[in-house]
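Read the structure below first, then the notes.
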Amino acid sequence: MIMRINKIILIIILTVLFISACWFFNIKILLADHYLKEAIAYRKGNSWPISLLNYEKVLFYQPKESYYQQSLAMNLLSGLDFYKSNDSKIKILDLAIDQMKTIPERDQVFEVKTYLARIYGQKANLTKDQNDFLLAENTFKQAAEMSPNMAAIYNDWCQVKIYQENWSQALEMCEKSLSLAPDLNNSQMNAIHREMVKSELSTLYEKFGQIYFNLKDYKKSEEMYNQVLKFVSLNRPDIWKKIADIYYVQGDLDTAIQKNMHGYGLNPKDPTWPLAIASLYQEKGNLEMAREYGQKALKLNPDNIQVKTFLENIK
């Protein structure tokens, strides 16, 4: 009888241990994965607060797993535009940094270091604190030591130098990134990889355009922006505005108008374009054309105070 009771107790203990093991090693992971998918689904637009609530549940079930910590930090960074004030953005970036720092040093692989460097860079751009820039710099150095031939590191590093307005070092980093970029003419490259490389190159050439513009090498700046248009001619009408600005700062208003017209043609429902063109015509002294394009801007956005004020001033 005693042996039978002992056997029953043993079975109960083993059952409890089995259920506990399933909970800790399987069910908790399944729940964490479930809430991670929910968080990703809600992370766009005004649903960002719901996304954060789901991330809290993820970390409740898997508080020490590096993958989930990294995922939260990455998505905090991608949702930064939801917050309007710089103070709020800095708090979110600090939260992302704290999450990344919970990952043990031994688990801080190349991807972790790269994202951490980008987050430090974003924060430095908001605070303009040299200590934050130094943290970004040192973390990029660590990432570069892990994978010295990865073009994307230097592309992101270049962006931090742009934040600092250190144009010579920004140029150096962008040139390094370009030198390491994969060759698009490589027949072995599959279609998905090719599109990824094109996207990376388009952001890189845009940085070149900004750098050369600030170095007052306007010819080179336009060349770089034209390279961007080769990759994303229809999807980035704003590049035409950047090219127009090159001619504007040189006093060539006619060409500035012409370049803005290209952007307007690609995005005819955006009132920013006709207002920019109207302003240039006003600066030229052609008030008739200024009024015409001002009216086009007002038609697209009848409640725009800026457009109304502009038209009032050129009556």
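Ignoring ligands, DNA and RNA, please state the percent of accessible area on the range 177-315 from carbon and sulfur, probe 1.4 Å.
Numbers: 3900 of 8000 Å².
That fraction is 49 percent.
Label-to-label distance, Met289 versus Arg106, with points set 7 angstrom from Cα along the beta-carbon direction: 6.9 nm. Annotation for Ser199 and Asn131: the two label points, set 7 Å from Cα along the Cα-Cβ direction, are 3.6 nm apart.
How do Ser279, Ser199 rank by accessible surface area computed with a 1.4 Å probe, from largest to smallest? Don't skip to the end; give the middle numbers.
Values: Ser279 45, Ser199 70 Å².
Putting Ser279, Ser199 in descending order of accessible area: Ser199, Ser279.
Sort Tyr154, Tyr248 by heavy-atom solvent-accessible area, probe 1.4 angstrom, most to least.
Working: Tyr154 25, Tyr248 90 Å².
Reading off the accessible areas and sorting them downward yields Tyr248, Tyr154.
Just how far, in whole angstrom, is the range 154-196 from the range 129-147 if you go by their alpha carbon centroids? Each part reduced to its Cα centre gives a spacing of 17 Å.
Highest mean packing first, where packing is the average number of other Cβ atoms within 10 Å per residue, the peptides 299-311, 135-147, 184-196 line up as 135-147, 299-311, 184-196.
Nearest 0.05, what FRET efficiency do Met150 and Lys308 give at R0 = 41 Å with Cβ-Cβ as r?
0.25
Around the Cα centre of the range 222-315, unit charges on the Cβ atoms of Lys, Arg, Asp and Glu (plus for the first two, minus for the last two) sum to a dipole of about 280 debye. Rounded to the nearest 10 square angstrom, Asp129 shows an accessible area of 60 square angstrom against a 1.4 Å probe. Among the listed pairs Lys259/Lys315; Lys91/Lys123; Lys230/Lys269; Lys84/Lys308; Lys84/Lys299, a Cα-Cα separation exceeding 18 Å is found for Lys259/Lys315; Lys230/Lys269; Lys84/Lys308; Lys84/Lys299.
Candidate cross-link partners of Lys128 among the aspartates and glutamates, defined by an alpha-carbon separation under 19 Å and a same-chain spacing of 8 or more, comprise Asp81, Asp87, Asp94, Glu137, Asp156, Glu165.
Using the heavy atoms of the protein chains alone and a 1.4 angstrom probe, what is the accessible area of the range 187-302 per residue in square angstrom?
Values: 6370 Å² over 116 residues.
Per residue, the range 187-302 has an accessible area of 55 Å².
The values are calculated or read from the model by the stated rules, or taken from the named source; none is laboratory data. For clarity, every value in this text was computed on a predicted model and none was experimentally measured. With ideal geometry, Cβ positions are generated from the backbone for all residues, glycine too; neighbour counts draw on all protein chains shown. Areas reflect the complete protein model, heavy atoms only, side chains present, ligands, DNA and RNA absent. Shrake-Rupley method; radii C 1.70, N 1.55, O 1.52, S 1.80 Å.
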